[in-house]
Amino acid sequence: MSLQADRAAPTLEREHSLHLLRQMLRIRRFEEKCAELYGATKIRGFLHLYIGEEAVAVGAIQALQPDDAIVATYREHGHALVRGISAESIMAELYGKQEGCSRGRGGSMHIFDARTRFYGGNAIVGGGLPIAVGLALGDKMQGRDRVTACFFGEGAVAEGEFHESMNLAALWKLPVLFCCENNLYAMGTALKRSESEVDLCLKATSYEIPAWPVDGMDIIECERAACRAALAVRSGEGPCFLEFRTYRFRAHSMYDPQLYRTKEEIEEWKQRDPISLFDARMRESGMLTDDDLKQLEEEVAAEINRAVEFSEAGTWEPIEDIGRFVYSERKPS
Amino acid sequence: MTTDDKTVRMTYREAMRQALRDALSRDPRVFLMGEDVGRYGGCFAVSKDLLAEFGPERIRDTPLSESAFVGAGIGAALNGMRPIVEIMTVNFSLLALDQIVNNAATILYMSGGQFNVPLVIRLTTGAGRQLAAQHSHSLEGWYAHIPGIKILAPATLEDARGMLWTALEDPDPVLIFEHGGLYNMEGELAADTGAVEIDKAAIRRPGSDISLITYGGTLGKAMQAADELSQAGIDAEVVDLRTLRPLDTPTILDSVSRTHRAVIIDEGWRSGSISAEISARIMEGAFYELDLPVERVCSAEVPMPYAKHLEDAALPQSPLIAETVRRMVGAS
């Protein structure tokens with residue numbers, strides 16, 4: 001299945017390529033279904049879709065071992081799916097059902113899962129970075145060689161928490177893999193309209209953190225960069241920073257008329273759809289046929305159907321339980 | 001807890017330091033981090049000498065990045081450690097408000113009970129040292145507004161010594177507000193004193209005529225007022241809240257039900273305050289026990305002024321507490 005995380009130069013062997021394609025398709029189709037369900041009012045609140053950015057989460061997470069940690073943002077369905085949280089429990093969470101991965105307490109923006117060490121789902125831009133630093137500090141102090149992957153958008157670099165966290169992680173040489181998903185817009189504010197310096201890697205290197213830009217529409221590039229960076233991070237050299245240059249094809253959330261960008265720009269980026277690009281690349285090298293894709297699509301569709309059925313059949317948490325988990329019900333070990 | 005009569009004389013600061021030393025010695029998961037906790041010895045010298053004893057990994061100086069090091073405390077707590085984060089003053093904690101309110105207080109709930117945050121944050125609070133409007137405020141009542149965190153205010157040597165360990169054993173985030181005016185307070189403490197419960201208020205002085213309800217830095221002022229009042233034949237009970245969230249409402253209501261009069265003394269501002277909350281709870285739970293309306297002695301609603309006479313005038317003082325009580329007792 002997945003590559004060894006310390007493998008620096010993944011090859012395009014068929015099985016692995018199919019795995020990558022499947023993961024991207026799972027995100028794409030899952031979120032298309034989410035948009036449909038939002039229209040049908042099955043899902044409410046804010047819903048931020050990752051469509052167009054799939055290669056980043058899929059590529060980056062290939063570099064992680066099972067006991068590594070992830071801190072993500074409010075646009076995290078994809079990361080959660082790839083990390084191994086079931087589509088059923090994610091979808092049920094979006095429905096607000098108690099079978100959801102956060103019992104329906106979090107919704108789309110707050111996916112949590114202890115089993116896979118998935119620490120949210122943080123809806124404060126930049127708010128997850130200090131937590132990632134702390135998770136990594138915990139690993140370092142306990143002598144574990146685990147990595148914490150911290151995903152955030154380019155909008156976060158305007159936050160003080162970004163700079164404080166970069167500095168602290170570098171100062172203490174903590175094993176954080178900072179994954180900046182640069183989709184060019186912080187909601188509707190273009191990077192160039194909000195930053196005096198738009199070279200994000202420069203910001204990271206100013207804290208003595210090795211940093212590389214990555215073509216975020218190229219799954220192989222994403223995977224390769226993440227594996228290299230994770231190897232360095234795991235070896236105790238301190239944090240790394242990857243700027244994944246990507247684009248979201250959909251609106252920021254479901255309430256966004258997209259006045260801040262042109263249709264032409266969106267169309268131009270869609271020419272570099274990470275799934276289409278990889279599909280074409282696989283076909284060129286003889287690794288994908290129409291039948292293969294048909295089978296993949298069918299399997300993914302079946303998984304999503306199961307998720308919807310599971311969520312529809314899910315139950316509402318009793319209102320009497322509203323006060324549970326404000327404080328712990330158990331003593332820690 | 002005392003098993004023999006031996007006592008030692010120490011300050012509140014030393015009691016807190018003993019608590020830190022004890023926690024660091026007992027549990028390898030415990031570490032202290034914050035600004036100048038190590039080489040400097042702590043802004044208020046609470047952690048003095050601990051660096052030499054426990055080393056820089058566990059007595060961890062941080063950059064001036066309140067949000068990052070509080071968030072790092074949350075992350076480390078989520079990952080098996082038992083961090084104690086020191087924030088120099090409550091005013092500086094506002095730079096970490098995102099981490100405290102949006103993360104520490106919510107992660108257990110948002111995750112449907114999966115991730116608890118066993119984090120302890122120590123902060124210095126309160127006025128009285130001419131540190132003006134950015135080092136002197138009492139925002140613990142404000143923090144007590146927030147579900148998901150617990151708010152402690154040790155006002156005695158015993159609590160300074162004993163609350164920390166209990167807070168560390170708590171599975172959820174606990175904020176300990178240490179009044180800056182108390183660090184030099186000296187007294188006798190049982191040599192074998194240890195952990196204390198953190199979910200109950202304490203009657204520091206039993207009385208029958210009126211309940212003085214207070215906590216933290218104003219406990220001493222209330223006790224002083226009660227002593228003065230006793231000479232005038234007024235028997236005041238002093239309730240030390242100890243914990244502002246969750247509030248020990250039964251102890252408050254029980255006291256008021258016995259004395260039938262209550263005055264709340266709080267160094268926080270009056271508007272939208274913990275004193276307002278306590279007053280409301282008394283009204284909800286013991287209205288018919290009251291002989292007259294609850295009164296409050298709080299700080300003046302001004303940013304804390306620097307000049308000594310103005311600062312004194314801005315703070316609740318024992319003469320005003322005593323005067324309020326005399327008026328209330330005389331009136332009923």
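Just so you know, all these numbers are worked out from the coordinates, no wet-lab data involved. Just so we're clear, the structure is a prediction, and the values are computed from it rather than from any experiment. Heads up, the Cβs are rebuilt from the backbone with ideal geometry, glycines too, and the neighbour counts pull from every protein chain shown.
Taking the Cα-to-Cβ direction at B:A191 and at B:Y288 and moving 7 Å from each Cα, how far apart do the two end points lie in nm?
Inter-label distance under the simple model: 5.4 nm.
At a 10 angstrom cut-off on C-beta neighbours, averaged per residue, how do the peptides A:188-198, B:269-279, A:21-31 rank from highest to lowest?
A:21-31, B:269-279, A:188-198
Work out the charge dipole of the protein assembly as shown with +1 on the Cβ of Lys and Arg and -1 on the Cβ of Asp and Glu about the Cα centre, then indicate which of A:G134, A:H163, B:S25 is farthest towards its positive end.
B:S25
Can you pull out the trypsin sites (Lys or Arg not before Pro) in region B:9-86 that DSSP calls coil and that have at most 13 other Cβ atoms within 10 Å?
B:R39
Rounded, prolate or oblate: which fits chain B, taking a ≥ b ≥ c as square roots of the Cα gyration tensor eigenvalues, rounded meaning a/c under 1.5, else prolate when a/b beats b/c?
Here chain B falls in the prolate category.
With a/c under 1.5 counting as rounded, go ahead and sort region A:14-321 into rounded, prolate or oblate using the C-alpha gyration tensor (a ≥ b ≥ c being the square roots of the eigenvalues; past the cut-off, prolate if a/b is larger than b/c, else oblate).
Taking the square roots of the gyration eigenvalues as a ≥ b ≥ c, region A:14-321 is rounded.
Would you check chain A for Lys pairs whose C-alpha atoms are within less than 22 Å, ignoring same-chain pairs closer than 8 in sequence, and give me the count?
11
Run the helix sum for chain B: -39,500 (n - 2.57) per DSSP H stretch of 4+ residues, divided by residue count, reported at 222 nm to the nearest 500 deg cm²/dmol.
Theoretical 222 nm ellipticity from helices: -10000 deg cm²/dmol.
Only sites in a loop by DSSP and with at most 14 other Cβ atoms within 10 Å count here; which GluC sites (Glu not before Pro) in region B:20-102 make the cut?
When the GluC sites (Glu not before Pro) of region B:20-102 are filtered for loop state and at most 14 Cβ neighbours within 10 Å, B:E57 remain.
Return the distance in nm (one decimal) between the two label points of a simple spin-label model at A:E297 and A:L171, each offset 7 Å from Cα along Cα→Cβ.
My value for the distance between the label points is 5.3 nm.
What average number of partner chain Cβ atoms lie no more than 10 Å from the Cβ of the residues making up A:121-131?
Mean shielding count: 6.
Please say if the protein assembly as shown is rounded, prolate or oblate, where rounded means a/c under 1.5 for a ≥ b ≥ c the square roots of the C-alpha gyration tensor eigenvalues, and otherwise the choice is prolate for a/b larger than b/c and oblate otherwise?
prolate
Defining a contact as two alpha carbons under 8 Å apart and six or more residues distant in sequence, what relative contact order in percent does region B:7-190 show?
In percent, rounded to a whole number, it is 28.
I need the trypsin sites (Lys or Arg not before Pro) found in region A:81-186, filtered to DSSP loop residues with at most 12 other beta carbons within 10 Å of theirs.
Here the trypsin sites (Lys or Arg not before Pro) that fit, given the DSSP loop and packing criteria, are A:R115.
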